[in-house]
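J.: Quick one: the structure is below, and I'll ask about it shortly.
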Amino acid sequence: MTDMSQPEPAARPRPDPVVRPVTVSDIAEAIGAGLRDLQATPLLSLSFGALYALGGLAILFSVTALGMPYLAYPLAAGFAIMGPFVAVGLYEISRRREQGLAVTFGGLWRTVRSRSEIGWMAFVTLFVFIIWMYQVRLLMALFMGFNANFTTLPQFLNVVLTTQEGLLFLAIGNIIGAVLSVILFSLTVVSFPLLLDRDVDFITAMITSVRAVVASPGPLVAWALVIVMLLIVSALPAFLGLIFALPVLGHATWHLYRRIVAPEEQPAGGEAAP
């Protein structure tokens with residue numbers, strides 16, 4: 001008996017996300033939408049900001065207790081690298097409000113846990129943080145000696161700000177930090193929200209993020225500067241400003257992502273994506 005069955009056609013590959021250019025006005029509108037999300041869900045949103053601020057304080061107290069206050073500045077600077085991952089819950093709050101879904105901590109947790117690719121993006125973020133910390137220690141060894149050890153923060157600052165070696169360490173370290181920040185920003189500006197919104201792998205998410213920066217370099221550089229300045233100002237009062245700053249930046253990032261990445265096309269007969 002002849003088998004008349006036919007092999008099923010292979011599934012069509014998903015098209016790459018469509019990236020749209022944005023303007024500075026899009027960034028302003030995204031910040032406004034982020035503020036409205038914060039106003040609608042203050043307790044839940046501010047809890048993520050409080051968690052981030054407590055993490056900064058824990059780092060500060062830890063290096064002080066361990067007698068390594070000279071690591072306070074590089075750790076605080078590197079701590080900002082983890083911001084996009086910490087803000088994942090804030091992206092999910094904005095996504096749920098956009099779709100009219102209930103906004104609860106349990107719902108946020110279940111969604112984030114179901115997106116396994118977010119874990120890989122978190123690993124990329126952590127990897128950049130580790131590179132940052134290793135280069136700080138390497139530069140300290142090169143410019144101040146392998147046995148350099150400072151028991152107090154004023155002692156460290158005195159060496160860094162008043163000696164030729166210290167100034168070179170500070171200048172080169174900040175240049176390397178700026179390069180790493182640009183790389184990570186390019187890889188993550190829309191990648192975390194995209195991984196929450198669609199079933200894509202983290203490589204596609206990072207490529208899409210880089211394409212977004214290439215499509216709108218000026219506005220997204222301006223957005224990066226807004227993030228840096230707001231985080232610096234917020235971290236000065238013992239990290240307490242981060243309680244408010246992180247929710248605003250997190251919610252705004254989601255709305256900026258919506259303006260950058262076009263809605264996903266549905267199969268014929270389906271409804272348009274939100």
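J.: Considering each residue of region 10-60, count those that are more than 22 Å from L108 (Cβ to Cβ) and assigned to a loop (DSSP other than H, G, I, E, B), and give that number.
T.: 13
J.: Looking at region 39-68, which of its residues are touching a Gly at 6+ places or on another chain (Cβ under 9 Å), at pLDDT below 90 and among the small types (G, A, S)?
T.: Listed by number, the list holds a single entry, A53.
J.: Can you tell me which residue within region 81-125, out of those that are surrounded by fewer than 13 Cβ atoms within 10 Å (Cβ to Cβ) and of a type in the set (D, E, K, R), is farthest from the chain's Cα centre (by Cα)?
T.: R110
J.: Go through region 213-230 residue by residue and tally those that are outside any helix (DSSP H, G or I) and of a type in the set (V, I, T).
T.: 0
J.: So which of Y70, Y134 is aromatic (F, W, Y), over 22 Å from F192 (Cβ atoms) and in contact with a Leu (Cβ under 9 Å, 6 or more places away or on another chain)?
T.: That would be Y70, the only listed residue that is aromatic (F, W, Y), over 22 Å from F192 (Cβ atoms) and in contact with a Leu (Cβ under 9 Å, 6 or more places away or on another chain).
J.: Within region 172-204, how many residues turn out to be within 25 Å of M133 (Cβ to Cβ) and either among the acidic types (D, E) or touching a residue at least 24 places away in the same chain (Cβ under 8 Å) (or both)?
T.: 17
J.: Another question, then. Take region 246-265 and flag every residue that is closer than 19 Å to P42 by Cβ, of a type in the set (A, V, I, L, M) and out of contact with any Phe, Trp or Tyr (no Cβ under 9 Å at 6 or more places or on another chain).
T.: Correct list: V248, L249.
J.: Okay, next question. Would you check if F169 is at pLDDT below 90 and either under 21 Å from M133 (Cβ atoms) or assigned to a helix (DSSP H, G or I) (or both)?
T.: Considered against the rule, which asks whether it is at pLDDT below 90 and either under 21 Å from M133 (Cβ atoms) or assigned to a helix (DSSP H, G or I) (or both), F169 comes out as yes.
J.: Pairs only if they're at least six apart or on different chains, beta carbon under 8 angstrom, first in region 57-72 and on the phi > 0 side of the Ramachandran plot and surrounded by fewer than 17 Cβ atoms within 10 Å (Cβ to Cβ), second assigned to a helix (DSSP H, G or I) and among the β-branched types (V, I, T); list them, first residue then second.
T.: Listed by first residue and then by second, the contacts come to nothing, as the list is empty.
The values are calculated or read from the model by the stated rules, or taken from the named source; none is laboratory data. Predicted model only: the values in this text are computed from it and were never measured. Here Cβ is always computed from backbone atoms with ideal geometry, including for glycine, and neighbour counts include all displayed protein chains.
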